[in-house]
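Since the structure comes first, as structure tokens, the remarks are kept for the end.
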Amino acid sequence: MQRYQNYILGQWVDGTGVETPLFNALTGAQFGEVSSLGIDFSEVLDYGRSHGSALRKMTFQERGRMLKALALYLLERKEKYYQASAWTGATKIDSWIDIEGGIGNLFANASLRRQFPDLPYYVDGVAAPLSKNGTFIGHHIMVPKEGVAIHINAFNFPIWGMLEKIAVNLMAGVPAVVKPSEYTCFLTEVMVRDIIDSKILPEGSLQLVCGLGRGLLDSVDSRDTITFTGSATTGKQLQSLPQIAAQSVSFNLEADSLNATILGQSATPGTEEFELFVKECVKEMTVKAGQKCTAVRRIMVPESLLDDVQSAIVARLAGIKLGDPSVEGVRMGALATKLQVERVGASVAELAKSQQIVFGDLVDFEVLGASKVDGAFYPPVLFRNENPFEARAVHEIEAFGPVATIMPYKDMPQAIELAKMGKGSLVSSIVTPNNNEAIEYVMGAASMHGRILVLNKDCAKESTGHGSPMPLLTHGGPGRAGGGEEMGGKRGVLHYLQRTAIQGHPSTITAITQQFQVGAAMPEAEPHVFRKHFEQLVVGETVFTHKHTVTDADIVNFANVSGDNFYAHMDATSLEGTIFERRVAHGYFILSKAAGLFVDPKKGPVLLNYGIEEARFTKPVYPGATIGVRFTVKEKVDQEKRSPDDIAKGIVKFLVDVYDETGETVALATILTMVKKLNQEE
Ligand code: NAP
């Protein structure tokens, strides 16, 4: 019997006794057991906290590269995870969502590094001027919290559930303790063994508690962050633990939700959208055997189309073969455990008190290549609810399996009201060729939903579907769905950071943020900044250029070169009613001329200029004005080599401040350059 273990305090540890026997969902055969009994969870949390400094010291760029290396490492070993995943009753597609979807999350979070500075902490927003003379300013930094991220996950995505969460806390520089569900923790364990063996993460960054893990939250404190994914009942129970309120521990709750999909009134039979709707409903009911928190539970259709939609869904469901996914033709696997069969059965029985089953025989269904008695199989079930405003169980009870209910609506306001009767959902979708219908639904339903998919024939081919959360979006769901915010995009990373307002002289704030702040010291660069390599450049050092007096000829020449003959530049007689007093120089000329002033032309460490950000023309420049440039190192971002023979380089952002003879700024921009590092062959 395989004993699955816990990875804690730097070693693989067996709990005492047996908390949970583990069964193959297809055959019912026991293949393993697991226990977390005897583990001192306060030691586990302390170990994570005391080992967090290695991650905290790394910059966001280093952490991002670490995640990418980990993703590549795991991808090479994916076949192993598919084998273990099959024991959960999953089909190849189900496993793909869990395994490669999870690894995809690591990649997506690794790419987020480009939105963060090359520092261990984040600099948030722009400086706030707090004084008349500019010697006192404020800014915000966000530093990694010094606790641990504790992830309690549901049974249905043992890999994705872990990876989507740890990708975010690791990116933020915070270690994790992962507690998967006791029933599917074996799959998480198989992957964590590889993660630990890879030595890609600093020791202490990831601990794994398999088995029940009861008591894990007993010693949390204000430095920690808890994320819970599971049923609303368990979630609420854990969230209301006294130590969580007493210590103000951050608790992100992602619970079950009764997700609705709407068929738009314009999507009549014969339209591509009608077909898409039917396919999407069946997919949502059968992928992962309906064990997805985002799966469609409530299907809302215009009342005149209720029979058409029902027949179309039933026809498709009739073609879904249930059984061992390795058998040819099988489209739906088993539920994860026999316990789930019982739970889904109980919810279906409850729902059946107020609505009618129109597809699915709970007793007489066929299972191909596996045992109907020993395996955890449950057939797809479609309910019909004629009076969804009166028979309300459908808006209350989640059958976490291949179960959905079709119901009618009269008009869009009714569809919106019905969708909202779920009391807050992770996701909803509307399938319609009509954008006006889509607008009405989205505007009416958005306040009660974390995500809304609008599906039509134009986006269908590339659409990721109703059920898939995307790592680059920010997810969550209000109300019943937990009110949390599933880690998504840059914003997810910020959950693990503490924002601190800092105040001081601009030079001090420049030194702390490693971003040049207006008003800070600007020591003259010697030699010119274009003669220096990446490592030699210091934030704040400045080139003060020679000057140029703008002429009419400059304007005419620039108009000829660019073809920009806008009247304000070319026709002095047309300026009445404009803000201009005379022919004005092109803003682009001012910036181009600025480049002529600040560039040191000889070949050197600057490889290229790849863009301009935040360009502004702040004051009109007329012929006769004399301009000069203050050209300042604003920020440096280290870059990795794409290949061994790549040139080692970094990104340097320069502030271009063009001023006139009065000293006033006339144009501002940030230019982006790539600058070679030292000690490479020229
Ligand atoms: P569950 O019974 O609520 O359990 C969720 C997790 O909490 C499991 O890891 C469970 O461990 C753990 N847990 C329970 N009591 C605990 C305690 N006292 N201390 C520490 N951990 C404790 O949910 P489930 O049956 O695994 O998952 C199905 C539910 O999750 C469905 O309702 C589904 O809608 C929801 N879900 C939501 C999302 C989302 O993102 N919103 C995603 C997936 C699933 P054990 O399993 O070891 O008891």
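The values are calculated or read from the model by the stated rules, or taken from the named source; none is laboratory data. All figures in this text were calculated on a predicted structure; none of them were measured in a lab. Because the Cβ atoms are built from the backbone with ideal geometry, glycine has one as well, and the counts that use them run over all protein chains shown. These accessible areas exclude ligands, DNA and RNA; they are computed on the full protein's heavy atoms, side chains included. Shrake-Rupley method; radii C 1.70, N 1.55, O 1.52, S 1.80 Å.
Based on this model, can you work out whether Val344 counts as of a type in the set (Val, Ile, Thr) and under 33 Å from the mean Cα position of the chain (by Cα)?
Yes.
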| request: Scan (1) under 30 Å from Arg451 (Cβ atoms); (2) more than 16 Å from the ligand (Cβ to nearest atom); (3) among the acidic types (Asp, Glu) for the single condition Glu526 breaks and write down its number. | output: (1)
| query | Which of the residues that make up region 93-148 are open to solvent by less than 30 Å² (accessible area, probe 1.4 Å) and β-branched (Val, Ile, Thr)? | reply | Ile99, Ile103, Val123, Ile137, Ile141, Val148
| query | Has region 279-294 got any residue that is closer than 25 Å to Ser447 by Cα, touching a residue at least 12 places away in the same chain (Cβ under 8 Å), more than 16 Å from the ligand (Cβ to nearest atom) and in the same structural domain as Phe365 (by TED's automatic domain parsing)? | reply | yes
| task | Could you name every one of the strands (runs of 3 or more DSSP E) located completely within region 167-266 that has at least 3 residues being within 13 Å of the ligand (Cβ to nearest atom) and either of a type in the set (Gly, Ala, Ser) or surrounded by 18 or more Cβ atoms within 10 Å (Cβ to Cβ) (or both)? | result | 176-179, 225-229, 250-254
| Just a yes or no: is a residue in region 381-390 without any contact (Cβ under 8 Å) to a residue 40 or more places away in the chain, part of a helix (DSSP H, G or I) and crowded, with 22+ Cβ neighbours inside 10 Å? | no
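Please work out if Gly134 is more than 15 Å from the ligand (Cβ to nearest atom) and assigned to a loop (DSSP other than H, G, I, E, B).
On the way: more than 15 Å from the ligand (Cβ to nearest atom): yes; assigned to a loop (DSSP other than H, G, I, E, B): yes.
When the stated conditions are applied, Gly134 passes them.
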| remark: Taking region 416-434 and keeping only residues that are within 16 Å of Arg392 (Cβ to Cβ), among the hydrophobic types (A, V, I, L, M, F, W, C) and out of contact with any helix residue (DSSP H, G or I) (no Cβ under 6 Å at 6 or more places or on another chain), one is left with Leu418
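Find the strands (runs of 3 or more DSSP E) located wholly in region 603-669 whose residues include 2 or more that are open to solvent by 50 Å² or more (accessible area, probe 1.4 Å) and closer than 30 Å to Asp552 by Cα, and list them.
Values: elements: 606-617, 626-638, 649-659.
It comes to 606-617.
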| message | Against the conditions (1) more than 16 Å from the ligand (Cβ to nearest atom); (2) β-branched (Val, Ile, Thr); (3) surrounded by 16 or more Cβ atoms within 10 Å (Cβ to Cβ), where does Val363 fall short? Just the number, please. | response | (3)
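In region 541-576, which residue that is in a strand (DSSP E or B) and within 30 Å of Ala511 (Cα to Cα) is farthest from the chain's Cα centre (by Cα)? Spell out how you get there, then give the answer.
Residues of region 541-576 in a strand (DSSP E or B): 542-544, 548-549.
Filter once more, keeping what is within 30 Å of Ala511 (Cα to Cα): 542-544.
Details: Thr542: 38, Val543: 40, Phe544: 43 Å.
In this case the residue turns out to be Phe544.
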| Residue within region 411-422 that is of a type outside the set (D, E, K, R) and either within 16 Å of the ligand (Cβ to nearest atom) or not assigned by TED's automatic domain parsing to the domain that holds Lys279 (or both) present | yes
| field | Cross-chain or 6+ apart pairs with Cβ under 7 Å, region 418-443 first and at positive phi, then at pLDDT 95 or above and crowded, with 20+ Cβ neighbours inside 10 Å | value | Gly424/Met448
| Which ranges mark the helices (runs of 4 or more DSSP H) fully within region 1-89 that have 3 or more residues being in the same structural domain as Ala176 (by TED's automatic domain parsing) and crowded, with 18+ Cβ neighbours inside 10 Å? | 41-50, 60-76, 78-86
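So which of His466, His475 ends up being within 16 Å of the ligand (Cβ to nearest atom), at pLDDT 95 or above and either outside any helix (DSSP H, G or I) or open to solvent by 60 Å² or more (accessible area, probe 1.4 Å) (or both)?
Numbers: His475 fails: at pLDDT 95 or above.
Just one listed residue meets the conditions, His466.
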| query | Of all residues in region 328-350 being of a type in the set (A, V, I, L, M), open to solvent by less than 50 Å² (accessible area, probe 1.4 Å) and away from the ligand (no atom under 13 Å from the Cβ), which is nearest to Ser85 (Cα to Cα)? | reply | Ala334
| region 267-290, residues that are surrounded by fewer than 22 Cβ atoms within 10 Å (Cβ to Cβ) and part of a loop (DSSP other than H, G, I, E, B) | Thr268, Pro269, Gly270, Thr271
| message | Report every pair of residues separated by at least 6 positions or lying on different chains whose Cβ atoms are under 7 Å apart, first residue within region 599-617 and in contact (Cβ under 8 Å) with a residue 60 or more places away in the chain, second basic (Lys, Arg). | response | Asp600/Arg531; Gly604/Arg531; Pro605/Lys532; Pro605/Lys676; Leu607/Lys649; Leu607/Lys676
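Look through Leu212, Leu208, Leu238 and report the one residue that is under 26 Å from Lys92 (Cα atoms) and in contact (Cβ under 8 Å) with a residue 60 or more places away in the chain. Can you show your working first?
Numbers: Leu212 fails: under 26 Å from Lys92 (Cα atoms); Leu238 fails: under 26 Å from Lys92 (Cα atoms).
Just a single option satisfies the conditions, and that option is Leu208.
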| request: Go through region 194-205 residue by residue and tally those that are farther than 15 Å from Val13 by Cα and in contact (Cβ under 8 Å) with a residue 24 or more places away in the chain. | output: 8
| query | Restricting the search to region 406-420, which residues are open to solvent by 30 Å² or more (accessible area, probe 1.4 Å) and not acidic (Asp, Glu)? | reply | Lys410, Pro413, Gln414, Lys420
